[in-house]
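Each value in this text was obtained by applying a stated rule to the coordinates, not by laboratory testing. Worth saying up front: this structure is predicted, and the values here are computed from it rather than measured. Because the Cβ atoms are built from the backbone with ideal geometry, glycine has one as well, and the counts that use them run over all protein chains shown.
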Amino acid sequence: MKTSANSETLTRRIIACLDVDAGRVVKGVQFEQLRDAGDPAELARLHAEAGADEIVLLDITATAEGRKTLTDTVRATACQLFIPFTVGGGIRTLSDAAAIFDAGADKVAINSAAIATPKLIGEIAGRFGSQAVVVAIDAKRGRAFTAKDATGAKEEQREIGILAEVFVHGGRKATGLDAVAWAREAQDRGAGEILLTSMDRDGTRMGFDCPLTAAIAGAVSIPVIASGGAGSAQHFIEVFTAGRADAALAASIFHFGTHALAELKQTLLAAGIPMRWPC
Amino acid sequence: MIAIVDYGAGNISSVAKAFAHLGAPAQITAEPQIVAAAEKIVVPGVGHFQRCESLNRHLRPAILAAIERGIPFLGICVGMQWLFEGSTESPETPGAALFPGLCERFPATVKSPHVGWNRIELTGSSRLLREVPDGAFVYYTHSYRAPLVEHTVAVTQYGGRFSAVVERGNIFGVQFHPEKSGDAGLRILENFRQL
């Protein structure tokens, strides 16, 4: 068995994200084998076959009626999937989370609800284990930061280490919380992983926010999943080295077909990043 | 029928789902009588070792008697750790002591928990790992790990080597999650089913 020189064999994960609205995948994916471009179950299975290390399904449904289909979607997706499966979007209570686990998810991702009710993290972790709780953090840089308890000038706040602010409600509402401090608190409350999305980079294909990812990875001992900005294999290499990420999540980079994932993993492997390949 | 033992240790539906996919009849149960009558027993589990208190209180005699009769037993993650004497995670909670030694936390030199896909290195002959390639990737999520023992048949490297799979006669334990480990994991569950 061949291992890398430093004997490190735990691989970095490449996570495929499916955005689902009322049970249908949005942002159409161009898999050549695909019969139904909007079916989450089939897309998830194809991603898994193509080499994705994990699947995240994010429910972006705006209406309550549409959201009722989520557990059906999760159940249909989970029964075809034998790699880790995370579901997020609109999970507000322990019973919401329990329904998602019952439908077959391995982890839930909570975002706004964790900010509104931080004890929810511990409640879900207490019942389903920390490994089942991903706290998603949407963070934004470059804005004049006004911390709730801060009295000093903007420059002073930067000096004390505030890098980015947490936003909730799909990035529409600022919280005044320091993303690094919130990540640490989420860990202390029982989160098993942090899913960090850079709002500045999301959708830009300019690359991940590596300094912010590294700051959060350095502040917690639980795995950090970087999200937002993936556009090339080089971006993944950067986030796994300079960004110190344990996993990287992307949707759009996989939209070019199943070969994109294989090529990405082979490129990263050649660059010395431990990858699960072939799988 | 395979009894999947429910003792309140996290989400176990994925194990049932994997057996359903393989076409193997399986039932999630917390009833000692059903466990005692099963053809095979699986104890899954994630989370804190203290959860094994509930296993010890209600199901230990049924499980140990079944193992004694030669019924194949598979412990997954905490279910595997329970096969050892105990864990420093919850020193007052005894394990089944079918393998020697205590489970311990990862050293501070590596990030903990150990989460993600890592390789198994085959170190002994194994019925459970039949046709599973050396170096296969499997999915882990845990903070404590079992020591290397005489009956360790596969190891994983993370903060040193630890027992990935133990096997002695009809007793099997895997630290990773075969139900989440893609084709290699399904192969392992199929091997268990065919025993």
What per residue convex hull volume, in Å³, do the alpha-carbon atoms of segment B:2-194 yield?
98 Å³
Links exceeding 31 Å between C-alpha atoms in this model, out of A:Lys68/B:Lys111; A:Lys119/A:Lys173; A:Lys140/B:Lys180; A:Lys68/B:Lys17; A:Lys119/A:Lys265; A:Lys119/B:Lys180, come to A:Lys68/B:Lys111; A:Lys140/B:Lys180; A:Lys119/A:Lys265
Using the C-alpha gyration tensor of segment B:1-71, what are the square roots of 5 times its eigenvalues, in whole angstrom, with the largest one first?
18, 17, 8
By the scheme Lys and Arg +1, Asp and Glu -1, what is the net charge of all other residues having a beta-carbon under 9 Å from that of B:Asp134?
0
Give me the percent of DSSP beta bridges within the protein assembly as shown that run antiparallel, rounded to the nearest 5.
35 percent
Would you work out if the protein assembly as shown is rounded, prolate or oblate? Take a ≥ b ≥ c from the square roots of the eigenvalues of the alpha-carbon gyration tensor; rounded if a/c is under 1.5, else prolate when a/b is larger than b/c, oblate otherwise.
prolate
Spin-label pair B:Ala108/A:Thr204, simplified geometry with 7 Å Cα→Cβ offset, distance in nm:
3.8 nm
Value of [θ]222 nm, deg cm²/dmol, for the protein assembly as shown, DSSP H segments ≥ 4, -39500 (n - 2.57) each, nearest 500:
-8500 deg cm²/dmol
Per residue of A:100-112, what is the mean number of Cβ atoms on other protein chains within 10 angstrom of that residue's Cβ?
2
Tell me the net charge near A:Thr86. Cut-off is 12 Å between Cβ atoms, A:Thr86 excluded, with +1 for each Lys or Arg and -1 for each Asp or Glu.
-2
For segment A:163-238, fraction of C-alpha pairs farther apart than 22 Å, in %
21 percent
Residue-span extension gain [A:Ser221 to A:Ala242] - 0.36 nm each, minus C-alpha spacing:
5.9 nm
Given the C-alpha atoms of segment B:120-195, compute the convex hull and give its volume per residue in Å³.
82 Å³
At a Förster distance of 56 Å, what's the computed FRET efficiency of B:Glu39 paired with A:Ala271, Cβ-Cβ distance as r, to 0.05?
0.70
Semi-axis lengths, Å, segment A:206-247, gyration tensor of Cα atoms, sqrt of 5 times eigenvalues
17, 9, 8
Length-normalised contact order of chain B in % [C-alpha pairs under 8 Å, at least 6 apart]
19 percent
Give the separation of the Cα centroids, segment A:36-105 to segment B:22-93, in Å.
29 Å
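Calculate the mean, over all residues of peptide A:216-222, of how many other protein chain Cβ atoms lie within 10 angstrom of the residue's Cβ. Intermediate results must be reported in sequence, preceding the final value.
On the way: counts 0, 1, 0, 0, 1, 6, 4.
The per-residue average across the peptide is 2.
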Separation of the B:Ala20 and A:Ser232 label points, Cα + 7 Å toward Cβ, nm
4.5 nm
Over the whole of A:72-85, what's the average partner chain Cβ count within 10 Å per residue? Rounded to a whole number, please.
4
